[in-house]
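What follows is a short report on a single structure.
Where a number appears in this text, it was derived from the coordinates with a stated rule and is not lab data. These figures come from a predicted structure and were not determined experimentally. Don't worry about glycine lacking a Cβ; one is built from the backbone with ideal geometry, like all the others, and counts go over all protein chains shown.
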Ligand SMILES: Nc1ncnc2c1ncn2[C@@H]1O[C@H](COP(=O)(O)OP(=O)(O)OP(=O)(O)O)[C@@H](O)[C@H]1O
Ligand SMILES: [Mg+2]
């Protein structure tokens, strides 16, 4: 009796919940699931912007073509370099900042605010801002270094400099994400083991090595993986600042796919690449999820 | 082996009142010193200042005559067992024990043999590969103790290490700690608010209240001669009965009137009273165990009382009774003794063992 009444209520609740979420789910479906399925289907067709229809089924040909692509390895290599460089440097800076902020007691909120500011700026705006700052003749960066008698640098025009400029801008934009995440982890560490370690004879350095690092391991892994996933998808700042150039210096995979679709006009091939990229990111995400749930 | 000396030590957190207020304490080499006091009286703070985990606001702390105020905790070579154990959560038991030794660059084979020996002593050999979260409270406590022991420090600091254990395990660990102290002969400072621990374990007890030391002495000494009302009312359970009263001069003999009962003051108290006290008011203290059901051939003083509550504890019966003036006192009587609640009961107090306190200074009036 009772249980039936309860389950009836439960069913009512569930229906009400579904009704509430339906509009949101519909929008999600339209902007995420539908494009995804469309891309998946398109990746099996010879679908170009000259001939935009699903008439010619080509099976896995698009995927085969992607593997044969001449410059895709270059692009993947640039992406790998970019992801590793920016995430690792962000981690180093973020962790140092988090450690420093963790021992600060006064004006903590003020520092938080400064730290969070770049993160709140839209990536497109970040790209535009830095393009102006780094402008060869008019930018403030070259003016500043000219005051120190350093020759102006062609930040975005020189192949070697451009790659590191993009990395630097990404670090400027994103390191605080890492810092905030790690800071939250540090703040939640128990205090007692540190006291025990100090009495046991540990210096600050051995406390860091033997206590902070092992206890922070889950947070570090989550922070790194999240940033890896985000970094692989980086598009905006490259699109705004370098357009993948000069040459292939900053031609990361997302921009490479974009070019295939809207310059090469070959939507089928671009879709195949997107799906492949999605699978890589998905694998990383699944690992992340598994890891996080295995901690409980 | 070491002597620990506190000179005018104070600790003030932020802008609060002093958590520890100008205390002086000499702990002798190899002594088992118990710090006893109610919650918040500054026991942990004192211990943490000795360990170096808390800065000293004023005063000096010496170990073996060496000033250690500004010496890093790592170099004091003390071992502390924390109130909440504070094991390293990411290391197994063996690694917890080994940590301090590794930092001190003890050779590997020696580390291993010391861990095994300590684990055997504490009965935790089977737990060496477990993580702290896989241990019960009692097991964690023994690991925390092991981590302190294995280091062979100059002194142990225990912060209520037995407070989380069940009664039986606590009794066992009490004896174990005393044995450990006898075997090692290392100086121990043991913080507790448990009466039994204080009475049975310590060479001396230091009773604290609100950041100051009320009395230091051998357990039985403090029990027999509490220096003031606080110590009298804090030590032992049930504690000493404290009854307000006033003196009456009746011819040659000095009498005291407490809660409707008149007692004749023994001569040695009368003398002490004459020396130190000119007021009429006094507080009389009598321990529950100095109250009997028979008069011992008229030597004890009779009190007409009414039974309020009976606590049959097994080994003894605690009787709460009301004096004619309305004051309730407790008496520790034979385990077989029973009386219905509300009934009248004649009890006899051994007045020779009474204590008198000055209500103004709260200090004991010492009999000579
Ligand atoms: N870190 C701190 N900051 C501010 N005040 C503190 C701090 N630690 C302790 N106190 C205060 O100092 C006083 C003494 O605290 P302490 O921990 O030494 O008491 P205790 O005798 O160990 O009590 P318990 O038996 O409950 O452990 C208390 O009033 C407490 O509120
Ligand atoms: Mg405490």
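Annotations for the structure displayed:
- Compactness of the protein assembly as shown as Cα Rg over 2.2 N^0.38 Å, two decimals: 1.48
- Per-residue [θ]222 nm for chain A (sum of -39500 (n - 2.57) over DSSP H runs n ≥ 4, rounded to 500): -23500 deg cm²/dmol
- Global dimensions of region B:4-234 from alpha-carbon coordinates: Rg and Dmax equal 17.6, 55 Å.
- Estimated FRET transfer efficiency (residue A:187, residue B:362; beta-carbon r; R0 51 Å; 0.05): 0.65
- Here is the tail figure for region A:179-292: Cα pairs spaced more than 19 Å apart come to 63 percent of all pairs.
- In this rough spin-label picture, where each label sits 7 Å from Cα along the Cβ direction, the residue B:336-residue B:262 distance is 3.8 nm.
- By other beta-carbon atoms within 10 Å, ranking A:120, B:101, B:87, A:76 with the fewest at the front produces A:120, A:76, B:101, B:87.
- Counting neighbouring Cβ atoms within 10 Å and putting the fewest first, the residues B:253, A:75 line up as B:253, A:75.
- By the Stokes-Einstein formula, at 0.890 mPa s and 25 °C, region B:266-365 with its Kirkwood radius over alpha-carbon pairs has D equal to 166 µm²/s.
- Residue mean of other protein chain beta carbons inside 10 Å, B:83-93: 4
- Region A:63-294: proportion of alpha-carbon pairs further apart than 21 angstrom, %: 64 percent
- Region B:46-107: C-alpha pair distances exceeding 14 Å, %: 64 percent
- Peptides ranked, highest mean first, by Cβ atoms within 10 Å: ranges A:232-240, B:287-295: A:232-240, B:287-295
- Ascending count of other beta-carbon atoms within 10 Å, so fewest first, for B:43, B:11, B:66, B:105: B:105, B:66, B:11, B:43
- Between the beta carbons of residue A:213 and residue B:294, assuming R0 = 60 Å, the FRET efficiency works out to 0.25 to the nearest 0.05.
- GNM top mover of A:242, A:212, A:48 - chain A, alpha-carbon springs below 10 Å: A:212
- Pairwise label distance in nanometres, residue B:167 with residue A:34, each label 7 Å out on the Cα-Cβ vector: 7.3 nm
- With one equal scatterer per alpha carbon and no solvent term, the Debye-computed log10 I(q)/I(0) for region B:1-86 at 0.27 1/Å reads -1.66.
- Within 10 Å of the Cβ of each residue in A:199-210, the mean number of Cβ atoms contributed by other protein chains is 6.
- Structure-based [θ]222 nm, chain B - -39500 (n - 2.57) summed over DSSP H runs of at least 4, per residue, nearest 500: -8000 deg cm²/dmol
- For the pair residue A:117 and residue A:287, a Förster radius of 30 Å applied to the C-beta separation gives a FRET efficiency near 0.40, rounded to the nearest 0.05.
- Label-point separation, residue B:152 to residue A:233 (7 Å along Cα→Cβ), nm: 6.0 nm
- Mean per-residue shielding of peptide B:287-293 is 0, counting Cβ atoms of other chains within 10 Å of each Cβ.
- Gain in span if fully extended, residue B:271 to residue B:311, counting 0.36 nm per residue against the direct Cα distance: 10.6 nm
- Dimensionless Rg/Rh of region B:217-317 - Kirkwood Rh, Rg from C-alpha atoms: 0.98
- Length released on extending from residue A:146 to residue A:80, taking residue separation times 0.36 nm less the Cα-Cα span: 20.4 nm
- The convex hull built on the alpha-carbon positions of region B:55-151 has an orientation-averaged projected area of 7.4 nm².
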